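Report on the following structure.
The values are calculated or read from the model by the stated rules, or taken from the named source; none is laboratory data. A quick note: this is a predicted structure, and the numbers were derived from the prediction, not measured. Virtual Cβ from ideal backbone geometry, glycine too; neighbours counted across all protein chains shown.
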Amino acid sequence: MIVHVPPTVSGDLLKNFAVKVSKRLNITISHGLEKSRVTKAQKLFESGFMKRENVSGAFIYTNPNELSGKTILLIDDIYDSGATIKEIGKYLTKRGAAKIIPLVIAKTIGGDLA
């Protein structure tokens with residue numbers, strides 16, 4: 001199953017990309033991953049600690065029963081420190097996902113500044 005990271009700034013760009021990937025690969029897509037609170041763009045933070053704090057506990061899944069035993073292709077737009085992917089991966093695993101496969105569109109140069 002494909003799951004995409006909910007947006008901070010990009011609107012539906014990542015969702016639209018994930019839908020296209022889903023159709024092309026003929027894999028079910030879920031839009032069940034949501035933010036439980038507002039987060040800031042990760043690029044605003046200078047350390048991995050601050051980035052982890054920004055996304056810690058920030059996600060919920062609307063129907064966690066559909067995760068049980070699934071392999072999840074987790075799509076995100078930008079990989080900076082990996083904090084978002086790691087946080088969501090831990091969350092989905094705790095709710096029964098068997099395997100998380102991250103896919104990012106772009107990677108920043110540098111990541112942590114401190």
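Note on the range 1-38: among residues that are surrounded by fewer than 16 Cβ atoms within 10 Å (Cβ to Cβ), out of contact with any strand residue (DSSP E or B) (no Cβ under 7 Å at 6 or more places or on another chain) and within 19 Å of Lys86 (Cβ to Cβ), the one that is modelled with the lowest pLDDT is Pro7. Pick from the range 63-97 the residues that are touching a Gly at 6+ places or on another chain (Cβ under 6 Å) and modelled with pLDDT of 95 or more: which of them is farthest from Ile27 (Cα to Cα)? Checking each candidate, the answer is Ser68.
Of all residues in the range 91-114, exactly one satisfies the criterion of being surrounded by 12 or more Cβ atoms within 10 Å (Cβ to Cβ) and without any contact (Cβ under 8 Å) to a residue 24 or more places away in the chain, namely Thr93. For the range 66-79, filtered to residues that are over 13 Å from the mean Cα position of the chain (by Cα) and under 15 Å from Glu34 (Cα atoms), the residue that is surrounded by the fewest Cβ atoms within 10 Å (Cβ to Cβ) is Glu66. Annotation note: Cβ proximity below 6 Å between a residue of the range 62-79 that is farther than 24 Å from Ile105 by Cβ and a residue that is of a type in the set (A, V, I, L, M) and modelled with pLDDT of 95 or more (sequence gap 6+ or interchain) occurs for Gly69/Ala98.
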